[in-house]
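A short worksheet on the structure shown next.
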Amino acid sequence: MKTAYAAASLVAFLAAPAMTSTAFAEPTAYEFDKSHSTIRASWMHLGLSEQSIHFTDYDGVLLLDFEEPDNSTVDITFTLPGGFWVGANQERFEGHLNSDDLFNTAEYPSARFVSTGFETEDGETGVMTGDLTLLGQTHPVSLDVTLNQKGPHPMSGDVVAGFSASGTLMRSQWGMGYAVPAVSDEITLDIDTELALIIDEDMVEDEMADGEPAEAEAAEAEATEAEATEEASAEDDSADAEPAEDDSADDEAAEDDSAEDEPADDGAQ
């Protein structure tokens, strides 16, 4: 199932001229937006109806290279115990899925898909091939992939892409032959997913750090200039204050002279 995601992402991005060349200068990491992704396996039950399960617990990173598609890689791991959804109140069926009749999750708790290649002619549709490991066995699978849309997210502005993928496999090839042919051997895989570009926080921090010296120098120069301006202003204020002090001294001297003259006037009278 992760297969599908992988296929989608690879096809879409390898042929997506709308994305900037910077984003594809080397393999770039994308991850699943799990709140907008569905991986489903379906089969025919007793010829009566088509039934399906959803895989909900998976992790992986898709490294996509637009300029050199062969450098793109997809490696996804599914955690199986507790990783199925078959509808509400289906504990009995979930227990059977986990049993050794089917996924035998006690002995094989995970499955893994690793891409081996993909082909696309128009950049919007293509075929991804890869190896699926399940129940301790590894066999190839192929998925038809369609790029639904790519570019900035209409709400967040983040770089995203949406894909749909589908394919079939024969479960007995992996040793899961329970109830075949009453329950169909052929399994149909359907994947619809949205992928988001992973932001390299370390790279962002490095770029910010590279900008710090220049910013620090500018800040220091500004502080020095402000300090010099403040000192000059203080000197001007001090100079303006000195004449006032001189005037005060002259006033005091005038008062002293006036006081000395008064007794002489009294004597004359």
Residues that are under 22 Å from Ser164 (Cβ atoms) and without any contact (Cβ under 8 Å) to a residue 12 or more places away in the chain, drawn from the stretch 39-50: Glu50
Failed item in (1) within 12 Å of Phe113 (Cβ to Cβ); (2) in a loop (DSSP other than H, G, I, E, B), with Leu169 passing the rest: (2)
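Counting only residues that are under 13 Å from Gly167 (Cα atoms) and surrounded by fewer than 19 Cβ atoms within 10 Å (Cβ to Cβ), how many does the stretch 115-137 have?
In the first step, residues of the stretch 115-137 are kept if they are under 13 Å from Gly167 (Cα atoms); the result is 126-130, 132.
Going one step further and asking which of them are surrounded by fewer than 19 Cβ atoms within 10 Å (Cβ to Cβ), we end up with 127, 129.
Here the count works out to 2.
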Residue check, Asp144 touching a helix residue (DSSP H, G or I) at 6+ places or on another chain (Cβ under 9 Å) and of a type in the set (Asp, Glu): yes
Unique residue being in the same structural domain as Tyr58 (by TED's automatic domain parsing), without any contact (Cβ under 8 Å) to a residue 24 or more places away in the chain and hydroxyl-bearing (Ser, Thr, Tyr) when the list is Ser115, Ser99: Ser99
Residues of the stretch 69-96 that turn out to be more than 30 Å from Val127 (Cα to Cα) and either in contact (Cβ under 8 Å) with a residue 60 or more places away in the chain or in a helix (DSSP H, G or I) (or both), as a count: 6
Residues being surrounded by fewer than 17 Cβ atoms within 10 Å (Cβ to Cβ) and part of a strand (DSSP E or B) - total across the stretch 147-158: 4
Some residue of the stretch 68-83 being closer than 17 Å to Gly177 by Cα and of a type outside the set (A, V, I, L, M, F, W, C): no
Residue match in the stretch 88-96 (condition: of a type in the set (Phe, Trp, Tyr) and under 18 Å from Thr129 (Cα atoms)): no
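The values are calculated or read from the model by the stated rules, or taken from the named source; none is laboratory data. Nothing here was measured: the structure is a model prediction, and the numbers come from that model. Positions of Cβ are generated from backbone atoms using ideal geometry, with glycine treated the same way; all protein chains shown enter the neighbour counts.
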